[in-house]
1. Return the distance in nm (one decimal) between the two label points of a simple spin-label model at Ala78 and Phe44, each offset 7 Å from Cα along Cα→Cβ.
2. Roughly how many nanometres apart are two label points built 7 Å out from the Cα toward the Cβ at Asp201 and Arg21?
3. In the chain, carbon and sulfur make up what percent of the accessible area (probe 1.4 Å)?
4. Using every pair of alpha-carbon atoms in the chain, split the distances into 5 Å bins beginning at 0 and state the percent of pairs per bin, rounded to integers.
5. What is the chain's relative contact order, in percent, from Cα pairs under 8 angstrom and six or more apart in sequence?
6. Counting only DSSP beta bridges with both residues in the chain, tell me the antiparallel percent, nearest 5.
7. How do 148-157, 198-207 rank on mean C-beta neighbours within 10 Å, highest first?
8. Once you've got the GNM for the chain with C-alpha springs shorter than 10 Å, pick whichever of Met14, Met68, Met176 has the biggest mean-square fluctuation.
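The values are calculated or read from the model by the stated rules, or taken from the named source; none is laboratory data. Quick caveat: nothing in here was measured; it's all calculated off a predicted structure. Neighbour counts run over all protein chains shown; Cβ positions are idealised from the backbone, glycine included. With ligands, DNA and RNA removed, areas are computed over all heavy atoms of the protein, side chains included. Shrake-Rupley method; radii C 1.70, N 1.55, O 1.52, S 1.80 Å.
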Amino acid sequence: MIKLAPSILAADMMNMGSDIRRVLEAGAEWIHLDIMDGHFVPNFSYGPALCARICKEFPEAFVDVHLMLDQPFKYLDAFIGAGAKAVTIHVEADGDMHNMLKLIRERGALSGITLRPGTPLSRIVPYLDDADMVLIMTVEPGFGGQKFKEEQMEKITRLREMGYKGEISVDGGVNMSTAGICAQSGASVLVMGTALFGASDMKEIVETCRRLG
Ligand code: DX5
Ligand code: ZN
């Protein structure tokens, strides 16, 4: 079954709580938090305090944190302590990937690794044993509402051909026209921001995506 992970980067910042409630009531299981430091990506978003508030207000949500940070090791404890259920780090970031992924797991969260569209899949292969999830970026990280890079689907098919059994999530430009190819390629989680928060019928999107897997 395909899980939907609404990206709150596309939510109404002035009505974050009601937007999160809306997607959870529509049947989404995950909530995707994009954390940006203004260095790794040319944008800022939010920090552990918002993560903690969301986890407290919506304990039923699986909060999936995507760290677009130069130095993720500095914040792993802060986000896991705030209640994050999955923490994903970029292979291009500073720090020891094995150690960080192991620490995330030891702290009881799902360990995720991700890579920019321009980074070859070979860069994450050494870390797959430590990664419960691979997040495939189908846009250049930093902003929502970009165009889906379909050639990135090759990374998913190659991961499945290698026998990778963990979660594979797709992030960026996922909508009702691109969700199908993500599922066919082997994805198990779809991050969706713009297409979901801009939709008139969220429930329909959640249920349609669920049927893809
Ligand atoms: C971009 C983020 C994505 C984004 C979702 O750096 O990682 O999660 O918010 O993109 P859209 O809005 O295209 O679904
Ligand atoms: Zn993301």
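1. With each label point 7 Å from Cα toward Cβ, the separation is 1.3 nm.
2. Simple spin-label model gives 2.4 nm for this pair.
3. Within the chain, the accessible surface is 52 percent carbon and sulfur.
4. The percentages, shortest bin first, are 1, 8, 17, 21, 22, 17, 10, 3, 0.
5. Relative contact order of the chain: 22 percent.
6. That works out to approximately 5 percent antiparallel.
7. 148-157, 198-207
8. Its mean-square fluctuation being the largest, the pick is Met14.
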